[in-house]
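Everything on this sheet refers to the single structure shown next.
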């Protein structure tokens with residue numbers, strides 16, 4: 001938002017130079033991106049946080065500046081020189097949807113003369129990037145930038161029956177807005193209507209049919225307070241972002257409606273002539289209730305380490321508009337000004353004091369404790385997991401916990417079928433939900449690396465994921481681990497990758513992580529997973545519990561991230577894994593006698609997995625049997641399309657002697673025949 005330095009000087013009398021104001025405002029949380037000289041003025045480009053709608057005006061910034069240089073804000077006031085009759089004699093106002101419009105005020109100026117604005121007003125508007133239109137429209141813009149209250153001027157003669165009706169739009173109702181576009185509305189859009197039709201989109205933009213023109217004689221000045229969420233939804237739906245909607249979305253001052261309107265009609269009467277009605281037609285069915293917040297002086301130092309005198313706390317908060325109601329035993333009770341929607345608890349007042357005392361004065365130190373610190377009992381295992389993945393060539397990533405809401409990913413079982421946690425006041429519109437999965441953050445990191453020309457990337461992340469709980473309960477939380485891999489496999493001392501990464505690389509990394517935390521062997525079952533490619537996806541089990549999914553990213557999601565190479569992803573429920581008992585570490589003496597191995601190639605159906613074969617062999621437990629290992633598979637010439645050849649190696653050994661071939665054959669071939677029967681296999 002552009003702020004005029006000369007305008008600030010008029011309001012505060014500040015003697016600070018523009019570069020000093022830039023630095024001081026930035027230090028109190030209002031970052032000034034640039035200071036630019038324009039004619040005989042300087043313009044500050046101020047970045048106002050989304051929860052500080054009160055600073056979207058010159059008076060709002062002046063209020064902050066007055067605390068900094070210990071001055072006072074000269075509130076702009078104007079006296080209406082010529083008043084006559086009541087507004088109700090010429091117009092009527094009805095609010096049908098007070099939930100979306102808690103307050104609406106109308107006032108009429110009769111006999112105006114539409115003309116260009118005076119030079120001083122043109123210069124002020126042009127300095128902050130506003131295009132002059134005519135005296136009435138320019139005055140409404142001027143008051144908006146001065147006080148932060150959007151206003152709108154209607155040509156009274158163009159309002160059917162001189163009525164204002166604040167209502168929801170009818171389904172399919174249309175209006176041509178001031179930008180000349182016909183817009184179709186739905187029933188959730190709030191409109192300002194006359195007796196027949198919609199004449200403005202409430203809080204966003206006026207309608208072309210009721211706009212001020214050179215022939216306008218009587219104007220109706222609207223000043224209102226609209227529900228922020230309603231304006232935000234309407235602006236998004238219509239694809240409109242205006243100076244008015246920007247402020248209404250962040251919350252304007254419901255008690256400042258009449259003051260801004262008074263300022264506007266006084267300036268119109270002064271510059272455009274005309275007679276102002278004696279009063280405003282103010283429809284305010286449920287007046288704003290002020291709230292009080294108490295501040296214990298000691299809490300400032302407890303929370304921030306800043307030692308601030310009580311008198312300085314009072315000065316800061318008084319200059320910001322907080323009214324001291326009670327001062328008892330170092331407990332200060334303040335009435336929160338109606339323009340500060342972001343203040344509701346004691347810590348908010350602590351923040352206000354800390355901002356203006358200086359964040360850079362906050363010391364660093366460990367919090368006091370009476371007990372010795374210690375690691376969480378799972379930390380040792382998590383550290384071993386990280387080291388194992390690092391040894392596999394993966395780099396650790398850390399992503400934001402806030403992401404854009406999405407249902408494109410299958411969640412870990414404990415969070416499945418639960419909605420996401422929505423933020424009521426997101427700092428970034430694209431990060432309005434708490435993450436239910438770690439994968440979007442890692443895929444963003446992959447995309448960033450690819451955009452920088454780095455195509456061989458292996459990343460992992462451990463962190464909390466969230467889902468909504470029952471009303472009144474805290475969100476569900478689980479710790480998860482996710483892995484992503486794409487590109488080629490690199491080896492030490494090699495400039496080029498030796499091969500392309502595939503599913504087995506990710507599977508090996510997941511198994512290495514499981515081994516590092518002493519879990520039983522992971523088991524994989526082919527399955528359909530929402531975010532993975534069909535036929536290249538599996539669910540992961542530890543014992544009989546599903547703990548995650550693994551596979552190649554689906555083409556749909558890969559396309560949305562503009563990936564042009566395969567990306568393999570896995571996500572596991574780390575909480576579930578850490579809750580499982582650790583596999584005991586067993587030691588045994590080296591065998592005294594050699595083992596005998598037998599390799600067998602079995603022709604099996606393609607649906608039979610290696611894990612099925614090895615599991616069945618382990619279950620047989622024949623005499624002298626040590627174990628089975630996988631050798632390889634063959635598919636190609638001489639093998640039917642629906643079959644494949646799987647080669648397994650069986651190992652046999654006796655503890656008290658060297659086995660003879662005939663002894664091994666007596667136990668080996670019954671095992672092979674059992675596998676043939678179980679899986680309808682043939683020996684190759």
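Details
- Separation between Cα centres of the range 622-657 and the range 113-158, rounded to whole Å: 85
- Least to most buried among 117, 544 (fewest other Cβ within 10 Å first): 544, 117
- √(5λ) per eigenvalue of the Cα gyration tensor, the range 361-484, largest first, Å: 25, 24, 18
- Rounded to 10°, Cα long-axis angle of helix 503-516 versus longest principal axis of the chain: 90
- Cβ-Cβ FRET estimate between residue 99 and residue 635, R0 fixed at 41 Å, reported to 0.05: 0.05
- This structure gives percent of Cα pairs over 43 Å apart, computed directly, and of [x] 48; [y] 41; [z] 55 that value is listed as [x].
- Two-decimal Rg to Rh for the range 581-620 - Kirkwood Rh, Cα set: 1.11
- At R0 = 35 Å, FRET efficiency that the Cβ-Cβ distance of residue 170 and residue 431 yields, to 0.05: 0.50
- Gained length - residue 492 relative to residue 406, 0.36 nm times residue gap less alpha-carbon distance: 27.1 nm
- By the equivalent-ellipsoid construction on the alpha carbon gyration tensor, the range 338-381 comes out with semi-axes of 35, 16, 10 Å, ordered largest to smallest.
- Centre separation in Å (Cα based) which lies between the range 250-320 and the range 385-400: 51
- Gained length - residue 527 relative to residue 161, 0.36 nm times residue gap less alpha-carbon distance: 125.1 nm
- Acute angle (nearest 10 degrees) that the helix 228-238 long axis makes with the longest principal axis of the chain, alpha-carbon atoms: 80
- Legend: ranking of residues 669, 120 from fewest to most surrounding C-beta atoms inside 10 Å; resulting order 120, 669.
- Taking 0.36 nm per residue of separation and subtracting the Cα-Cα distance, full extension of the segment from residue 612 to residue 279 would add 111.3 nm.
- Shape annotation for the range 2-68: C-alpha extents along the principal axes are 32, 21, 18 Å, from largest to smallest.
- With the convex hull of its Cα atoms as the shape, the range 169-318 has an orientation-averaged projected area of 13.6 nm².
- Remark on the range 12-113: hydrodynamic radius 17.4 angstrom, per the Kirkwood mean of 1/r across alpha carbon pairs.
- Ordered by the number of other Cβ atoms lying within 10 Å of each residue's own Cβ, fewest first, 588, 4 fall into the sequence 588, 4.
- Alpha-carbon centroid distance for the pair the range 79-94 / the range 497-564, whole angstrom: 72
- Cα-based Rg / Dmax (Å) for the range 596-683: 13.5, 46
- Computed FRET value (nearest 0.05) for residue 122 with residue 555, which takes r as the C-beta separation and R₀ as 56 Å: 0.50
- Cα-based shape type of the range 438-526, given that a ≥ b ≥ c are square roots of the gyration tensor eigenvalues and the cut on a/c is 1.5: oblate
- Computed over the range 379-579, the Cα gyration tensor eigenvalues convert (square root of 5λ each) into semi-axes of 26, 21, 16 Å, ordered from largest to smallest.
- Helix axis angle, 58-68 relative to the chain longest principal axis, alpha carbon, degrees: 80
- Simple label model, 7 Å out from Cα along Cβ direction - residue 619 to residue 36, nm: 7.4
- Dividing the convex hull volume of the alpha carbon atoms of the range 77-227 by its residue count gives 123 Å³ per residue.
Every number here is computed from the coordinates shown, using simple stated rules; none is lab data. For clarity, every value in this text was computed on a predicted model and none was experimentally measured. Here the Cβ is made from the backbone with ideal geometry for all residues, glycine too, and neighbour counts use every protein chain on show.
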